[in-house]
Structures are given as C-alpha cells and as structure tokens.
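In what follows, a structure is listed as structure tokens, so that the remarks can point back to it.
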Amino acid sequence: MAFNLTRRKFLKTASLVAATIPLSKVVSANSGVSRSALDAKGTADDKTVVGGICEMCFWRCQLVGKVRDGRLMKIEGNPKSIDNGTSICARGNAGVKLLYDVDRLKYPLKNVGKRGAPRWKRISWKEALDECGSKLKSTVDEYGAHGICVFPHGASAKYPMHYFERVVGTHNVSEASFFQCRGVRDTAYVATISKSPDEKVDMANTRVLFFIGDHLGENIHVSHIKQYIQGLQNGAKLIVADPRYSASAAKSDIWVQIKPGTDTAYLLAIMNYLVQNNKYNKEFVEEYTDGFEEFSEAIKGWSLEKAAKECDIPAEQIKEVADLLASNAPNVAIHPGRHVSWHGNDFQRERALACLTGILGAYYVKGGWVPPKSPKVTSVTWLKEDHDHEFDLNMDHEEDEKLYPYSPPGTPTELIRDCAITGKPYPIKSCVVWGQNPMKTIPNQQKMKDLFTAMDFVLCVDVMPTDVTAWADILLPESSYLERYGYIKKGTQWDLSKQHQQYISARMPLVAPMFERKDQVYICNEIAKRMGHAEKIQSKTIEEMVDKSLASVNLSIEKLRAEDGIHIQPGMDPYGVPDEFEVLLFNEDLADFGHPGAPTYIPVPQTPDGFARLLYGRAPVHTFNRSQNNVWLNNAMPDNPVWVNDEVAAKIGLVDGDTVGFINSEGVKSTTTTTVKVTAGIRKDCVYMYHGYGTVNPLMSIGVNAGVDDTSLITKIAVDPESGCHGMRNNFVKLIKNGKVLDIPA
Ligand SMILES: Nc1nc2c(c(=O)[nH]1)N[C@H]1C(S)=C(S)[C@@H](COP(=O)(O)OP(=O)(O)OC[C@H]3O[C@@H](n4cnc5c(=O)[nH]c(N)nc54)[C@H](O)[C@@H]3O)O[C@H]1N2
Ligand SMILES: Nc1nc2c(c(=O)[nH]1)N[C@H]1C(S)=C(S)[C@@H](COP(=O)(O)OP(=O)(O)OC[C@H]3O[C@@H](n4cnc5c(=O)[nH]c(N)nc54)[C@H](O)[C@@H]3O)O[C@H]1N2
Ligand code: SF4
Ligand SMILES: [Mo]
C-alpha cells in the first residue's frame, strides 16, 4: 500500500541516522529499566480494546489496543475507521512507550526549590488542588480575572481553557496551535472566504497539487497523507515551493527553490500572469468573487521578471507553474498550509493562496478546496459568560478598535508576555500551562523565563517532565490519551469522491490510568470548586461530558463501544458551490483597518553578511519536543543534523558528520551541538534543522541534550500585523566548529 511504502522509506532514512548512536543511549541511565526498542509486541491472544484516539500528534487517528492482563502491548489503527483505517504512523505506534515511560509524571509535585531550578516534593492531590485553588483565587481577588494567563494546547487543554476564558473570565490565553501555528492561515481565509480552510483540499482527486512550504511526508497526518499519495498515484502533478529539497520536493514535478520570505511575491506574479493573459476562471470570478478590479490593479506591477528577481527563481519557471495551474483548473489543490507562522508577513501570503484558489475557480470542486460535510455534534463544556472587555490586551480602548483585527481566538502571545513582564497596562500574576511547552514553542526563551519569573504562581499540567514544567510551582500529572476518555472525533471518509459516509467517535481509554494520574475534567473541576465555581460545572466526570455530547446525536459511550468505537452513517456529496459563497479578492474591511485590501508583498529582513537564515520544520518520527523521550522514536532519530548546502560546506571546510554549534545574529549561542548534513538540497543562504530537539530537563533520561534546540536560536520576534501571530524565520546563524565561528559565504 502506498502509505506503507512511504513509511518504510522514512524508517529506512531514520535507521540510517540511528545506526550512528551507541546502544547505551536507548537504555535508561538512571532507572535500571531496560528500554530495548524491541520489547513490546502483540500476539493473537491479546484482547482488542476499541475506541482509542491517538494524541501523539493532533490529528487524532482512530485506534484499537492489544491488551494483555491489563497491559497495553500494541497499538493499531481501528479497522473500522474510514479516516486513518488500519494505518498509523511511527509516532502513533510508539504511544505504548509514552504510556509506560518511567520518567512520566506520576504524582502531584510541589516545587520547593526555585522556578527554573526546581526541587520537587511529592504532595497529595488535596494539598496540590488546595494550593492551586487558593493561589489562583487570590490572584483573581487581588488583580481580577485578567491577572491569570493561560498557555494551553491539545485536546486535554480545551476543557480547562474554556473554564479560564468563559467562567473565570480572562482573555489572556495563547494557544500554540493559533499564535505559533495556523492562526494566521485561519484568519486570512476568514478574511477572504469567511471560513477557516483547515487542510480541506481534495488531494486524492486533484490534477495538480500546489504546496507552498508544506512538506507532507515529513509532516505526517495519516489520512491527509493518504489523500496526497492517492492523488499522486492517480497522476496528479506536484509543484513544491520550498528552499529545501523536502520529502515532497523529492516527489515533485516542479521544485521551486524559492528564497525564504518571498512567497507572496511569487503568488502575486502567478496571479498577475493569469489575469493579464486571461487564463483565470472568468465565470467563477464573476459569480463568486468581489473586488476583482481593485485586486488586479493592486497586483499588476508583479511581472514574472520582477518576482523572479525577488524570489531568486527563473521567470520561465513561474510561467510554467502558472500555466500548469491554469490548464488544469478548476481541479487544482492549492494547499493552505498548516504551520504558517513564518516571517511575520504571513497573513498576506495566506490571503494570496485563498485568492489564487478563487481566480482558478477551485473552491468546492473535485480536486480543489472542498470542506467535507461532517456530522454535527454539540460539545458539552463550560457555558459562555459575558466578561469585561476593558482588559482585552488586543484592544486600543481609546479608538475602540482591535490592535490586530484578524487575530485568532485568544490574545496574541507577545501582548500577554509584554503585559506580564512589565505589569503594564495591568499586572498578570498567575500562569496556567496545560499541554503546551512554551519554552520550546514560543520564540525568545528569555522572555518566557522573564514571564515565569514575574509570576506569583505557576501551575503546569503535563504528562512528562519537560523544559516548561521546570518553571512550575505545582506540577500535576495528567492521565495520557491512552488512559482517559476525551472529545468527539468526527468527519467523513478521506477520499471525498467515494461513497459518502460520516463517522462519529469519541476517545475511550485502552487501559486504566496508573499511579495517581487524573484527567482534565477532574483536575479542572476540583480547581473550579476551590475558586468558587462549583455550581457552574456542567459535567462531573469526563465520561459524563463525553456521554452528554454523544447524546446530541443519539449515541452514548455504550452504543459507541458496541459499534467498535466508531459510528458510521450516510454522508453527503461535498461538491458544489453554496449560493452564499463569496471570495473577497479585495477586502474593504481590511483596507478600513489600514491594512492592504488586496494581497500585498511585504519584504522580510535580509540575511546579514556572513550568516544563513535559520529554517526549521517537522521531523517525520517526532512530534515537536513532546516525543523526544520516547525510546522508539529517539532510537529512530536521536538528533537533528543541520542541513548545509554542499558548496557552502566546501568553502568553509565542513564535511558530513562534523560536530557544530551555532551563534545567532544577536549573539545567542546554542548550548548543545549537532552534526552536519552536507546536501545540495538546500539553498546557500539557509540552514535547516528539525524542530523539537535539545531538551534540557534532566528528569528526561533519554531525549535530554540531544541535538540542537531551534527555538533557543529564535530570539528575534516578528509579529504579523493583521493577526498578531508570531513569525519565527527571521533569525540568522553562523556555525561553530571546534570553537571557531565560521562565516557563511555569500
Ligand atoms: N521553534 C519552533 N517553534 C514552534 C514550531 C516549530 O516548528 N519551531 N512549531 C509550532 C507549531 S506548528 C505548534 S502546533 C506548536 C506546538 O507546541 P506545543 O504543543 O507546545 O508542543 P509539544 O512539544 O507537543 O508540547 C506539548 C506539551 O504537552 C505535553 N503533553 C503531551 N500529552 C499531554 C497530555 O495528554 N496532557 C497534558 N496536560 N500534556 C500533554 C507534552 O509533554 C509537552 O510538554 O509549536 C510551535 N512552535
Ligand atoms: N511528523 C510530524 N508531523 C507533524 C507534526 C509533527 O510534529 N511531526 N506536527 C503537525 C503540526 S501541528 C503541524 S502545524 C504541521 C506542520 O507542517 P508544515 O506545515 O509542513 O510546517 P513545517 O514543518 O514548519 O514546514 C517546514 C517547511 O517549510 C519550508 N520553508 C521554510 N521557509 C520557507 C519559506 O519562506 N517559503 C517556503 N515556500 N518554504 C519554506 C522548510 O524548508 C520546510 O520544508 O505538521 C503536522 N505534522
Ligand atoms: S498522524 Fe500519527 S501521531 Fe498523529 S494522530 Fe495519527 S497516528 Fe497519531
Ligand atoms: Mo502546528
């Protein structure tokens, strides 16, 4: 099967890397427990437990567990799934190793040392919850609800996030999935088509796939990869714009080796060429778009030659791509991207992608952008209350306007951090971190440390001891996704053109929680009671919450279990443009707010002499930092070699496998080193590394101090002017070998 082929290829690549590490690295140094990478296997006698939903990443593939004597032996894809099916990725498989990781948090802990340099004391749940309740309540009593800031991420953080936002009433919430990930994409599409695009591209049935920086294959979400591979097998052409020869670039028909930060110029030139040469979809533009005149006027300066110069690519290739798109339109999949917080000019690039889809008429058609028709389930959570908007940091209260008018839900991270650190316009004195690792996720680690230092109280809820948990006063152990109930996962079959079906599932535990770990509903409810909100609690247990949500579609946990964890029902044809649909090629509101009404190229800072731009991205067998201590995944990819262009390497005397450190243009040095990967597959003006490495918390016995932490070198922050999301790729580095700093030649 195509996906397995792809996966085999990754594992092969990964095992080449793994071959270079000594076996001692996969045996825990301090636990005495054997951590052989080969020890867990299922057998035919194992009991199959249904209803698992993966959370090794956020795609939430549907699972079953092979359980022997109450112990999870193996994880598999749920054969009933019409989403991931029986396929799961390397990380999904390795969930067993998270579940039984000896370093996992087991009991509530109190920091009796310093923040950042903790000494942990085991305490009872009652003591821990009493302390959380009283500290958080006294912050609210003294400073107001806005005295609390929250850094949540992932399914387990949704319930507490809603509690702090809706009941306690703080705006100061920064979700990693928005402000450091896809928020800018969602808001740019909302500003164009009034909808968040997710990754709703019908890749399986397309004629051309167009990726701007997406590198599917290293970025892995199983059903998405299935669509992608199906599209390629059906003969779709693949265009990949990426400064690096990524896994997708390697499969592409056209690889656009674009200069980082210039993608909007590239897209404007493609659109201008299509408009000037009457190669756009006139009927669609007439019927479903608004502002075509202003739009075409605004982009008309973008000749192929001008963009070629700006983007450092051949003009002929821009034309070739534009013609390929036009001749296959409307059945073309312009991928909206996912991690799009790049350079701080990202709203414009995302607007350009949404407009390009529009002028090609590629909305709601086979092989284009098509939202599947999913079942409607009502999630039960905290009820929304009205809160005081006077304390919304994203408001210019004198002007009565948003500072970032197209900000995703929550408050831009930088506004929260500046407020917390300076105490202006008001004090923020408590911080709740739940399922996020802001030390690794948010650029400028010093600012993050300054925020934690400024707090009266820091609560972290996690499953592992990570770099952020070292900054907690109270550290609470949550049960993992394999041990608890959780939110509904719903959708349709991954191939949109097939027999239309919908599914509804909910996370159900594959095994019972061990030690004293508790789920999010228990922890949050107990804190809520202590903050005086007992009567606002909607569900007493997580099971009740899931059951009530399922009741909205006449299901229950019991029924779902009887249906092997997944309820399947007839679906609907997703194709066909809805009457009310409109693409705003020119957005008047944006213009009223003082932002460009048509997509506009905003240049990014240029690389200073002697430096290379630092690029980063997904490692195929890791999820960010969270999987670093996973013995199987660590075994597969123990560190993150830095990609250096072969000609550059030859000039500065670097060879494959050399050990190097980094210094960035602001003088910050990496605290660890990594090896060099010399390759023709990266531009001369950049280096690239996989994100998530370089953990410093010594309580992790495997993934610690392995590879280099990209975030530690991302000290210069760009903030996208429309959305307030972070840009993280405007940082420049030199390499250090044997103590000598090497200048990168021009
Ligand atoms: N430099 C740099 N920064 C980035 C990125 C990058 O590529 N480079 N990528 C960005 C993107 S796209 C994203 S989405 C974010 C991701 O940002 P994060 O979500 O912060 O990343 P993770 O490493 O997954 O860290 C999540 C934390 O949740 C914990 N955790 C795991 N499972 C559970 C659970 O069941 N319950 C609880 N309570 N905690 C749990 C993990 O141990 C970890 O501490 O990072 C963004 N930031
Ligand atoms: N294995 C694995 N898969 C994952 C995850 C994971 O942690 N591990 N995380 C999931 C999540 S939450 C997300 S958001 C997605 C993220 O996945 P993607 O959205 O694909 O994002 P990145 O991994 O950050 O993408 C990095 C790519 O962008 C290229 N690039 C860098 N700068 C530029 C530029 O200026 N222009 C262009 N055109 N390209 C550029 C890089 O060379 C690299 O190939 O992955 C998801 N899938
Ligand atoms: S893509 Fe992999 S890690 Fe993510 S949910 Fe699916 S199996 Fe789990
Ligand atoms: Mo993300």
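The values are calculated or read from the model by the stated rules, or taken from the named source; none is laboratory data. Everything numeric here is computed off the predicted structure, so don't read it as measured data. Please note: Cβ atoms are built from the backbone with ideal geometry, for glycine as well, and neighbour counts cover all protein chains shown. We work out accessible area using only protein heavy atoms, side chains counted, and drop any ligands, DNA or RNA first. Shrake-Rupley method; radii C 1.70, N 1.55, O 1.52, S 1.80 Å.
Protein chains only, probe 1.4 Å: how do D323, D495 rank by accessible area, largest first? Display every interim value, and only then the final one.
Details: D323 40, D495 10 Å².
Largest accessible area first, the residues go D323, D495.
Report the convex hull volume per residue for region 268-319, counting only C-alpha atoms, in Å³.
Looking at region 268-319, the number lands at 71 Å³ per residue.
Which far-off residues, 5 or more places away or on another chain, put their amide H under 5 Å from the one on G423, with H placed in the peptide plane?
HN-HN under 5 Å from G423: I428.
In terms of modelled amide H atoms, which long-range or inter-chain residues lie less than 5 Å from the amide H of C686?
Excluding prolines and chain starts, which carry no amide H, the hits are R613.
Sticking to Cα atoms, compute the Rg of region 620-746 to one decimal and its Dmax as the biggest Cα-Cα distance, whole number, in Å.
15.1, 44
Could you state the orientation-averaged shadow area of the convex hull built on the Cα atoms of region 391-442, in nm² to one decimal? It would help to have the intermediate numbers written out before the result.
Values: hull surface 17.1 nm².
Averaged projected hull area, Cα only: 4.3 nm².
In region 126-221, what is the volume of the convex hull around the alpha carbon atoms, normalised per residue and reported in Å³?
Given the Cα convex hull of region 126-221, per-residue volume reads 154 Å³.
Relative contact order for the chain: what is it in percent, counting Cα pairs under 8 Å that are at least 6 residues apart?
19 percent
Might you tell me the accessible area per residue for the chain, computed with a 1.4 Å probe and given in Å²?
37 Å²
Over the alpha-carbon set of the chain, divide Rg by the Kirkwood Rh and report the Rg/Rh ratio to two decimals.
Details: Rg = 25.1 Å, Rh = 26.6 Å.
The Rg/Rh ratio comes out at 0.94.
How about region 474-536: which chymotrypsin sites (Phe, Trp or Tyr not before Pro) there are in a DSSP loop, with at most 14 other Cβ atoms within 10 Å of their Cβ?
Taking region 474-536 and a limit of 14 other Cβ atoms within 10 Å, the loop chymotrypsin sites (Phe, Trp or Tyr not before Pro) found are F515.
Based on DSSP loop calls and a cut-off of at most 14 other Cβ atoms within 10 Å, the longest stretch of the chain free of exposed trypsin sites (Lys or Arg not before Pro) is what?
541-746
Hey, can you grab everything whose amide H is under 5 Å from the amide H of I258? Only 5+ residues off in sequence or another chain; H modelled, so Pro and N-termini drop out.
The list, which skips near neighbours in sequence, is D242.
Got a sec to turn the phi values of region 193-204 into Karplus ³J(HN,Hα) couplings, 6.51 cos²θ - 1.76 cosθ + 1.60 with θ = phi - 60°, whole Hz, x for Gly and Pro?
The phi angles translate into 10, 6, 9, 6, x, 6, 10, 7, 10, 7, 5, 5 Hz.
Given the protein chains as shown and a 1.4 Å probe, how many square angstrom of D564 are accessible, to the nearest 10?
My reading of the accessible area for D564 is about 80 Å².
With θ set to phi - 60°, apply the Karplus curve 6.51 cos²θ - 1.76 cosθ + 1.60 along region 445-455 and write out the HN-Hα couplings as whole Hz, x wherever there is a Gly or Pro.
Residue by residue, region 445-455 yields 5, 4, 5, 5, 5, 4, 4, 4, 5, 6, 7 Hz.
Under the rule of -39500 (n - 2.57) per DSSP H run of 4 or more residues, summed and divided by the residues of the chain, what mean residue ellipticity at 222 nm is obtained, to the nearest 500 deg cm²/dmol? Could you put the intermediate results ahead of the total?
Values: 23 runs with 214 residues, N = 746.
After summing the helix terms and dividing by the residues of the chain, the value is -8000 deg cm²/dmol.
Using the alpha-carbon centroid of each, what span in Å lies between region 339-416 and region 488-562?
Using only Cα atoms, the two centres lie 26 Å from each other.
State, as an integer percentage, the relative contact order of region 599-746 based on alpha-carbon contacts under 8 Å between residues 6 or more apart.
RCO, region 599-746: 34 percent.
Can you work out the Karplus-derived ³J(HN,Hα) for every residue in region 722-737? Use 6.51 cos²θ - 1.76 cosθ + 1.60 with θ = phi - 60°, whole Hz, and x for glycine or proline.
Once rounded to whole Hz, the list reads 7, 10, x, 7, 6, x, 10, 10, 10, 10, 10, 10, 10, 9, 10, 10.
Under 13 Å between C-alpha atoms is the cut-off here; go through region 612-742 and count lysine pairs that meet it, provided they're at least eight residues apart or on different chains.
On the way: K651/K684; K669/K734; K669/K737; K669/K740; K684/K734.
Lysine pairs meeting both conditions in region 612-742 amount to 5.
Expressed as a whole percent, how much of the Cα-Cα distance distribution for region 70-208 exceeds 20 Å? Kindly include the intermediate steps, with their values, before the conclusion.
Details: 6891 of 9591 pairs.
Distances greater than 20 Å cover 72 percent of the Cα pairs.
State the percentage of accessible surface on the chain attributable to carbon and sulfur atoms; use a 1.4 Å probe and exclude ligands, DNA and RNA. The partial results should precede the final answer.
Numbers: 13890 of 27290 Å².
C and S atoms contribute 51 percent here.
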